[in-house]
Amino acid sequence: MSERTLFIIKPDAVSRGLIGQIIQRFESKGFTIINLKMLQFNRELATKFYNVHKEKPFFEELVSFITSGPAVAAIIEGDHAIDATRLMIGSTRSYEAQPGSVRGDFGLGISANIIHASDSLESFKYESGVVFS
Ligand code: CMP
């Protein structure tokens, strides 16, 4: 079942020069890149993007981090894209993420956790609308 999902390469990964290595993993896995862009989140865009977390205690830290430098957004397509991508990125807390996953191989942080990916079709529709409209 072919579907689409969105991922965001976060400012920590961009500043560390990991864009190519991360995108390559998704291409090697067999996904097609449908759309790709570099963007700088401002506070307004970050608040809209992370709307679901706005009441969480870590919201300020989250917004502060995602606006701290350029990010890269991608829409990819392939079989079971949403679930497969969530597996490929690994657990939110990078220090707990499985080796072999993007977070498990490249990071240790929670806010600075390298990559975000949509967790459902509903999230994909919302998040891709925010980032690519
Ligand atoms: P992400 O997949 O972008 O979705 C929400 C983000 O909130 C998450 O990755 C983390 O980077 C960030 N975050 C910061 N603090 C926490 C926390 N205590 N628990 C969960 N997520 C957190």
* Relative contact order %, the chain, counting alpha carbon pairs below 8 Å whose residues are six or more apart -> 37
* Asked: When only alpha-carbon atoms count, how far does the stretch 6-90 stretch along each of its three principal axes, as whole angstroms with the largest first?
  -> 36, 26, 21
* When ligands, DNA and RNA are left out and all protein chains stay put, how many square angstrom of accessible area per residue does the chain have with a 1.4 Å probe? -> 52
* Asked: How much of the accessible area of the chain, in percent, comes from carbon and sulfur atoms when a 1.4 Å probe is used?
  -> 51
* Charges only on Cβ, +1 for Lys and Arg, -1 for Asp and Glu: so what's the dipole of the stretch 39-133 about the Cα centre, in debye to the nearest 20? -> 220
* Structure fact -> Rounded to the nearest 500, the 222 nm mean residue ellipticity computed for the chain from DSSP H runs (n ≥ 4, each -39500 (n - 2.57)) alone is -11500 deg cm²/dmol
* **Net lengthening on full extension, residue 80/residue 53 (0.36 nm per residue, minus Cα-Cα)** => 7.2 nm
* Structure fact -> Expected sort for 25-36, 10-21, 100-111 on mean C-beta neighbours within 10 Å, highest first, is 100-111, 10-21, 25-36
* Structure fact -> By the Kirkwood definition, with r running over pairs of different Cα atoms, the stretch 1-56 has a hydrodynamic radius in Å of 13.4
* To do: Over the alpha-carbon set of the stretch 66-122, divide Rg by the Kirkwood Rh and report the Rg/Rh ratio to two decimals.
  => 0.97
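The values are calculated or read from the model by the stated rules, or taken from the named source; none is laboratory data. None of these values were measured; they are calculated from a predicted model. Cβ coordinates were reconstructed from backbone atoms using ideal geometry, including for glycine residues, and neighbour counts include every protein chain displayed. For accessibility, only protein heavy atoms count, side chains too; no ligands or nucleic acids. Shrake-Rupley method; radii C 1.70, N 1.55, O 1.52, S 1.80 Å.
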